[in-house]
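Please read the structure below before turning to the comments.
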Amino acid sequence: MIAYFNGRFMPKQDICIPVDDRGFLFSDSLYEVIRYYPGGLFRPNAHIRRLNHGAGHLSLACTDFSYLIPVAGDLIHQNQLESQDALVYIHVTRGIAPRNHPFPVPTPAPTIYMGVSLFDTSAKDRQRKTGIHAITVPDIRWSRCDMKTTGLTANVLANQQAAENGADEAVFVRDGVLMEGTHTNFMAVFDNIVTTAPLSNYILGGITRDTVLALCRHLGIRTSESPIYENRIHRASELMVTGTTTEITPIVALNDQPVGNGRPGPTARALQDAFTEHLSF
């Protein structure tokens, strides 16, 4: 595969990251994953706005990465993926500097890597049709989840706990409130109202989350961005997760308890259909 590294297109296997890169040493870095559907990238400008948001809060040397959007298109073309489902991965670190906790002076140039890969949709397509099982876990992450940083140890451990319990996703619970999944946003349907956690520093503002809320408005489905309390979750008629690779995936069992009738519900199915229609490029 051809990748992009610090301004150059080159074979992925030829890329080397110096050991003094702060992304390697401190996870002092950000990332984005953009879905490519045959015909175009899905909302690349929104992904770049989120990347810029994180770069600004981390005080990186560059805080506007909009120039990477055409680079992503070039990578799709150079790897001959125009007719395939693919993922574009962007990784930006503070750069190379001697290992020291404070920001280095002078400010180094960021390290920028972008790669593409084929995305096999078959497993995700099955999950969207049949639904998934999920568990809840305590939210032990830091308090700046609104930045898409690469420090994902808590997410990895939670997702591994889900796997070890025969589940597909883990949903973080903070102070009795269900927040989001390890790599997804979380939604519940109460009395025909699609409810999801409000944007804050405790969740990542998902691109698909935003799209689903817009689709709800288009379909006349009521929405609420408000806390989803753990002690009320049994009252939900439907649960679902949203994300770049999951799109809209129903949760049919939570902590081994069925959700609704244990099958994907009508709201999720309607949103899935609307999302597919929305993807027409």
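Quick note: the coordinates plus some simple rules give every number you see, no bench work behind them. Since this is a predicted model, take the numbers as computed values, not measurements. Neighbour counts are summed over all protein chains in view; Cβ atoms, including those assigned to glycine, are modelled from backbone coordinates with ideal geometry.
Given the options Glu225, Glu169, Glu238, state which has the largest fluctuation in a GNM of the chain using a 10 Å cut-off (strictly under) for Cα springs. In this elastic network of the chain, the residue with the biggest mean-square fluctuation among Glu225, Glu169, Glu238 is Glu225. Electrostatic bookkeeping for Ala268 treats Lys and Arg as +1 and Asp and Glu as -1; over the other residues with beta carbon under 13 Å from its beta carbon, the sum is +1.
Taking a ≥ b ≥ c as the square roots of the eigenvalues of the Cα gyration tensor, region 77-188 is oblate, since a/c reaches 1.5 or more and a/b is not larger than b/c.
With an 8 Å cut-off on Cα pairs and a minimum separation of 6 or more residues, tell me the relative contact order of the chain in percent.
Working: 538 pairs, mean separation 48.9, N = 281.
The value is 17 percent.
With the simple spin-label model, which puts each label point 7 Å out from Cα in the Cβ direction, the Phe190 to Asn231 separation comes to 1.3 nm. Ignoring lysines fewer than eight residues from Lys148 along the same chain, the ones with Cα atoms less than 28 angstrom from its Cα are Lys12, Lys124.
Extents of region 124-278, taken as max minus min of Cα coordinates on every principal axis and listed largest first, are 37, 29, 29 Å. Averaging the sequence gap over all C-alpha pairs within less than 8 Å and six or more residues apart, then dividing by the number of residues, gives region 2-119 a relative contact order of 36 percent.
For the chain, the Cα-based Rg and Dmax, in that order, read 19.4, 60 Å. Computed over the chain, the per-residue total of -39500 (n - 2.57) for DSSP H runs of n ≥ 4 gives a 222 nm mean residue ellipticity of -8500 deg cm²/dmol, rounded to 500.
Charge tally around Ala158: other residues with Cβ under 14 Å, Lys/Arg +1 each, Asp/Glu -1 each, net -3. Each Lys or Arg adds one and each Asp or Glu takes one away; over the other residues whose Cβ falls under 12 Å from the Cβ of Ile90, this sums to +1.
One quarter of the convex hull surface built on the alpha carbon atoms of region 2-119 amounts to 7.0 nm², the projected area averaged over directions.
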